[in-house]
């Protein structure tokens with residue numbers, strides 16, 4: 001981005017234009033000077049395939065006076081039950097973004113799909129070929145400047161798919177537009193516009209599309225976009241609701257949005273900064289490989305007063321980011337949704353913009369008869385009447401440059417239930433306001449405000465940043481003065497929701513337990529949105545790199561995706577602080593206070609114990625989540641992405657002593673049956689629950705995954721000082737799980753799970769065939785980094801041999817224990833263990 005749009009021109013236009021096939025362009029009919037080609041005589045359009053098509057007719061015959069017309073960039077006409085687009089010749093060959101959204105969700109569908117959710121996005125172009133207008137889906141994954149010889153090869157090897165073909169029904173009144181009948185394209189079962197993909201059709205057992213029960217419900221034209229709504233009905237064997245009806249009916253919405261003729265100047269992505277991105281292979285670059293380019297997704301923000309901006313003054317943008325609140329939003333909560341959006345205003349000031357993002361109520365029909373929530377020019381915060389417990393923050397962007405052009409945030413109504421539960425179980429020990437099923441409005445509103453802020457962060461282009469919470473010392477999270485300023489993590493984009501470390505008596509106020517925007521957000525928004533006085537996107541890169549490498553803040557910005565940093569104990573969801581063992585020690589102290597109080601906190605006169613069961617099982621699961629934070633230290637590798645001139649290692653093994661401490665912590669807290677998690681007072685009210693035993697087994701299983709064992713083995717090869725040798729680790733883990741000859745029921749289950757996991761190492765699942773999923777061009781900046789080690793090829797590794805060795809030891813020890821056991825249960829258990837091992841080592 002630069003000071004004026006004029007300076008943005010030319011960066012990507014020629015590159016993207018090269019995708020159009022030169023042979024196809026030459027095949028198109030050339031219009032005479034001063035206008036488009038004259039329509040051929042009636043019936044003279046020629047044949048297509050086996051049958052002849054009717055040629056263009058006079059405009060008044062196709063679009064009579066009774067037609068309902070909505071004029072826009074592309075004018076929309078309705079004539080009786082037929083729909084027509086009038087496509088100006090000036091827009092033929094221009095780039096549009098076609099977005100398919102779900103507008104009406106089938107009852108019972110569930111999941112994260114709500115009204116407004118995007119199903120598919122594609123770059124499209126209208127092209128005329130003789131007497132037809134074609135709709136092409138254009139790939140943006142490969143480009144080259146059209147002045148270069150290789151541009152022709154790029155076009156030939158990335159030929160656009162034709163997803164629609166429309167005979168020209170008439171020419172515009174001024175002979176500068178094409179009128180095409182689009183009814184069948186939208187009314188039929190068209191894969192390009194369908195609301196159900198192949199997986200959904202299999203799930204619902206779709207047998208056929210029923211055209212008799214499907215129709216176009218509306219079609220509207222706006223200045224830069226067309227919005228089409230379709231009701232689609234399918235005959236289905238297993239519909240999500242009304243099984244006897246055998247029907248899935250949904251409403252979809254198609255948006256055709258005109259993209260800028262000159263794409264926004266992109267900003268190069270960097271794997272060390274957490275932005276979503278678009279990538280492409282640019283074959284026109286003068287390098288000795290097919291070079292990828294990766295650009296961040298961001299809104300186009302340009303200062304109204306470039307000179308004042310250059311002087312360092314805060315300046316309003318020419319076009320601020322505006323979100324409209326869904327009229328369905330309950331009045332009680334509108335304030336918090338609005339504040340959640342505008343929480344980002346202070347952050348954008350770090351990038352030099354004031355009032356950069358605004359929240360507004362959607363105008364009524366009286367206030368603005370042209371306003372439509374479906375108009376893709378507007379971004380919406382939607383309130384979804386759904387049982388889903390979540391919120392989402394997607395955005396739609398220009399695939400050529402990464403420019404965000406639209407966003408639809410969704411708050412699912414039942415997400416308040418999530419925060420009601422989480423506040424109670426994570427903060428109830430130290431936060432009296434959270435000890436109820438009816439959380440006070442101010443506290444629930446604060447959590448809602450911050451969730452909306454988090455989702456808006458995604459819509460601004462930011463990814464999750466799970467490593468941010470590791471910047472805070474655990475002890476600081478018990479300090480009111482610290483948490484009042486910073487909350488629980490250095491960014492709102494972390495999955496660190498509530499402060500479960502603070503103890504009773506620490507003095508935190510209710511808001512101090514909740515996450516908020518932080519210094520990482522200031523850095524990321526400045527990095528992505530500040531206008532840099534450089535002539536090109538390439539010239540900006542030195543400044544962007546310097547901002548990263550010369551930070552002076554109290555909490556230096558860090559980011560690595562969870563995919564790249566697999567096994568980094570700092571990079572986890574829902575964790576807090578810089579020490580998983582210390583953090584989990586404090587959380588355990590709090591959970592031991594919360595669980596005995598769940599009966600009192602969830603009981604309501606006249607109601608049963610359904611709420612108690614839900615809160616209890618979620619509480620136990622969340623505590624085990626903290627135990628998994630500790631487990632990640634075993635085989636842990638810290639990942640700090642660097643470029644070649646930066647000093648220090650990218651991958652650092654967690655020191656052996658820390659890994660051993662983590663295993664000892666798990667031995668004491670997880671493998672030694674945590675009886676406090678199963679108080680009789682709860683079991684008497686909700687009946688038996690296997691949540692504790694299931695989660696125990698999950699922790700043990702995670703400690704024997706091939707990926708973790710592979711990291712341990714790989715660490716030995718390059719860091720013998722810090723590595724926890726694989727053989728030593730497995731011996732320690734076996735000793736921990738099989739200690740004592742009289743295990744209780746919980747330990748007996750863990751021992752059976754241990755044997756099963758060893759069996760999986762000897763006979764691993766068959767790897768899928770057919771190559772890697774996905775494909776496409778480039779990996780951009782992120783592709784320069786790879787995980788430390790992925791799951792090894794188990795059959796060719798040392799893991800089966802290690803597993804067989806341990807099984808033989810377990811078999812020998814189990815037989816001895818069976819002979820020495822006095823009790824029937826223990827004798828039966830050890831005999832069973834020995835028999836299981838025999839069946840593994842000596843299969844019939």
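The values are calculated or read from the model by the stated rules, or taken from the named source; none is laboratory data. Just so you know, these numbers come straight off a predicted model, no measurement behind them. All Cβ positions, glycine included, derive from the backbone under ideal geometry; neighbour counts span all protein chains shown.
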ask   = From the set of residues in region 527-559 that are closer than 19 Å to residue 346 by Cα and assigned to a loop (DSSP other than H, G, I, E, B), which is nearest to the chain's Cα centre (by Cα)?
value = 557
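Could you tell me how many of the residues in region 281-302 are modelled with pLDDT under 95 and part of a loop (DSSP other than H, G, I, E, B)?
8
How do the helices (runs of 4 or more DSSP H) wholly within region 569-667 filter down when requiring 2 or more residues that are within 17 Å of residue 696 (Cβ to Cβ): which remain? Walk me through it before giving the result.
Working: elements: 580-594, 598-602, 610-631, 656-666.
Here the list reads 580-594, 610-631, 656-666.
Residues of region 459-477 being closer than 16 Å to residue 524 by Cβ and either in contact with a strand residue (DSSP E or B) (Cβ under 7 Å, 6 or more places away or on another chain) or not in a helix (DSSP H, G or I) (or both), which ones?
Initially, region 459-477 is screened for residues closer than 16 Å to residue 524 by Cβ, giving 459-469, 471.
Those that are closer than 16 Å to residue 524 by Cβ and either in contact with a strand residue (DSSP E or B) (Cβ under 7 Å, 6 or more places away or on another chain) or not in a helix (DSSP H, G or I) (or both): 459, 460, 461, 462, 463, 464, 465, 466, 467.
Give the residues of region 303-323 that are outside any helix (DSSP H, G or I) and crowded, with 20+ Cβ neighbours inside 10 Å, sorted by residue number. Explain how you work it out, then say what you get.
In the first step, residues of region 303-323 are kept if they are outside any helix (DSSP H, G or I); the result is 303-305, 311-323.
Once the filter is applied, which keeps residues that are outside any helix (DSSP H, G or I) and crowded, with 20+ Cβ neighbours inside 10 Å, region 303-323 yields 303, 315, 317, 321, 323.
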Residue in region 67-74 that is surrounded by 21 or more Cβ atoms within 10 Å (Cβ to Cβ) and either outside any helix (DSSP H, G or I) or modelled with pLDDT under 50 (or both) present = yes
task = Among the candidates 273, 278, single out the residue that is at pLDDT 90 or above, part of a strand (DSSP E or B) and at negative phi.
result = 278
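Could you say whether any residue in region 443-453 is assigned to a loop (DSSP other than H, G, I, E, B), in the same structural domain as residue 339 (by TED's automatic domain parsing), under 23 Å from residue 320 (Cβ atoms) and at pLDDT 95 or above?
Initial filter on region 443-453 (assigned to a loop (DSSP other than H, G, I, E, B)): none.
No, the conditions are met nowhere in region 443-453.
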note = Matching residues in region 800-829 (in contact with a helix residue (DSSP H, G or I) (Cβ under 7 Å, 6 or more places away or on another chain), over 13 Å from residue 762 (Cα atoms), in a helix (DSSP H, G or I) and in contact (Cβ under 8 Å) with a residue 60 or more places away in the chain) number 3
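Name the residue, out of 602, 632, that is buried (at least 18 other Cβ atoms within 10 Å of the Cβ), modelled with pLDDT of 95 or more, outside the structural domain of residue 731 (by TED's automatic domain parsing) and on the phi < 0 side of the Ramachandran plot. Show your work before the answer.
Numbers: 632 fails: outside the structural domain of residue 731 (by TED's automatic domain parsing).
Result: 602 is the single residue among 602, 632 that is buried (at least 18 other Cβ atoms within 10 Å of the Cβ), modelled with pLDDT of 95 or more, outside the structural domain of residue 731 (by TED's automatic domain parsing) and on the phi < 0 side of the Ramachandran plot.
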ask   = What pairs come up if the first residue lies in region 317-341 and is over 15 Å from residue 455 (Cα atoms), the second is surrounded by fewer than 14 Cβ atoms within 10 Å (Cβ to Cβ), and their beta carbons are under 6 Å apart, counting only those six or more places apart or on different chains?
value = 318/304
ask   = Scanning for something within 13 Å of residue 452 (Cβ to Cβ), modelled with pLDDT of 95 or more, within 22 Å of the chain's Cα centre (by Cα) and part of a loop (DSSP other than H, G, I, E, B), does region 342-362 turn up at least one residue?
value = yes
